[in-house]
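The values are calculated or read from the model by the stated rules, or taken from the named source; none is laboratory data. Being a predicted model, the structure only gives us computed values, none of them experimental. So basically every Cβ, Gly included, is an ideal-geometry build from the backbone, and we count neighbours across all protein chains shown.
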Amino acid sequence: MADHTAHPPRVSVVLPVRNGARVLPAAIDSIRAQTERRWELIVINDGSTDETGPILADLANADPRIRVATTTLLGIVQALNLGVDHARAPFIARLDADDVAHPCRLAMQCDHLDSHPEIGLVSCLVEFKSTTEAAGGYERHVTWLNSVRSPDEIRRQRFIESPMAHPSVVFRKSILTEHGGYHEGDFPEDYELWLRWLEAGVVMAKVPETLVTWNDGPDRLSRTCPRYSVDAFYRIKARYLARWVKACSPRRPVWIWGAGRVTRRRAEWLLKEGVECAGWIDIDPRKIGRTHMGQRVCAPESLLSSFQPFVLVYVASWEAREIIACWLGRNGFVEERDYLLCA
């Protein structure tokens, strides 16, 4: 990778791409249009067979802040780690080839990190655009994601879903040295990274402004690769949630709220990680009294007579989680101390 710049930049933007010729120019133009001028763009051309290579060559010739590394099918994790290894700035920003950064994005996020030294990673709100018919789930996720803003909300709600869109983050490069970079495995590499860094105490925040357009197309990796499947998310979530439960609520009986078939299947990953279920909670009278995995399904009132119960709310519906949280709060349960929302 050629180094054309004389002075270290303020922020390094890491952008891996494979066969992104159709969308790549818009993503790169959005970086070149940033109000923050002290950037470098590190593009990892990971085995492209379309016109991505020639497009990048032309753009790099036009702007020496664009640095290109061409590889042969490394895969997303190795490509990301190669990009961050080449980064020279103290801050690292992410962007994907099919996404667009709004003009003030880098300036606002870098300014936030400069003025809040306790923050290790800062995200932002995202605008969602899709060209696929089956975009409803992603749209609901973005609505929830944009509602989770403060460091406290991000920490508490990390076991519901991934609380940040990957191409929306800027983080300190020093965190990579302290807590490691992207890991290879049968899981979404970004969600695993957030869970690992949050477990290590990294404080994460959001600029409450829409600074990235997150484009969802039919060829996006999250739609085509098994590592981003629903089961993959629940497997990695269960690993870190089990460690949290064992560390923060040892020896307390763990009750799982939600006794439906889907919830039970997802909770199985948690039980495989060594968390013992004391019982199931549900409001459906048809389920109450049944037995699942050796434990009875009980009405919520059973929690009031249980000795120091800890409740994991494994309910996917946003509205239902809010109702359950209100019920628990009215009955003296405190989030994180006595219950956790997991979805």
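Could you please let me know if Phe307 is among the aromatic types (Phe, Trp, Tyr) and exposed (fewer than 14 other Cβ atoms within 10 Å of the Cβ)?
yes
Name the single residue, out of those in the stretch 285-340 being β-branched (Val, Ile, Thr) and outside any loop (DSSP other than H, G, I, E, B), that is nearest to Ala259 (Cα to Cα). It comes out as Val297. Here Arg196, Arg149 are screened, and the one residue that is touching a Lys or Arg at 6+ places or on another chain (Cβ under 8 Å) and basic (Lys, Arg) is Arg149. A single entry from Ile324, Ile283, Ile236 fulfils the requirement of being aliphatic (A, V, I, L, M), surrounded by fewer than 18 Cβ atoms within 10 Å (Cβ to Cβ) and not assigned by TED's automatic domain parsing to the domain that holds Arg155: Ile283. Residue-level check: of (1) assigned to a loop (DSSP other than H, G, I, E, B); (2) β-branched (Val, Ile, Thr); (3) outside the structural domain of Val84 (by TED's automatic domain parsing), Val245 misses just (1). Scanning the stretch 265-279 for residues being assigned to a strand (DSSP E or B) and closer than 17 Å to Tyr234 by Cβ gives a total of 1.
If you go through the stretch 100-117 one residue at a time, how many are within 16 Å of Ala205 (Cα to Cα) and surrounded by 16 or more Cβ atoms within 10 Å (Cβ to Cβ)?
Looking only at the stretch 100-117, we keep the residues that are within 16 Å of Ala205 (Cα to Cα), and these are 105-117.
Pick out the ones that are also surrounded by 16 or more Cβ atoms within 10 Å (Cβ to Cβ) and you get 105-110, 112-113.
Matching residues across the stretch 100-117 total 8.
Yes or no: Glu178 more than 16 Å from the chain's Cα centre (by Cα), exposed (fewer than 15 other Cβ atoms within 10 Å of the Cβ) and charged (D, E, K, R)? Yes; evaluated as a whole, the condition is true for this residue. For the stretch 154-194, the set of residues classified as charged (D, E, K, R) and over 22 Å from Pro9 (Cα atoms) consists of Arg155, Arg156, Arg158, Glu161, Glu184, Asp186, Glu189, Asp190, Glu192, listed by residue number.
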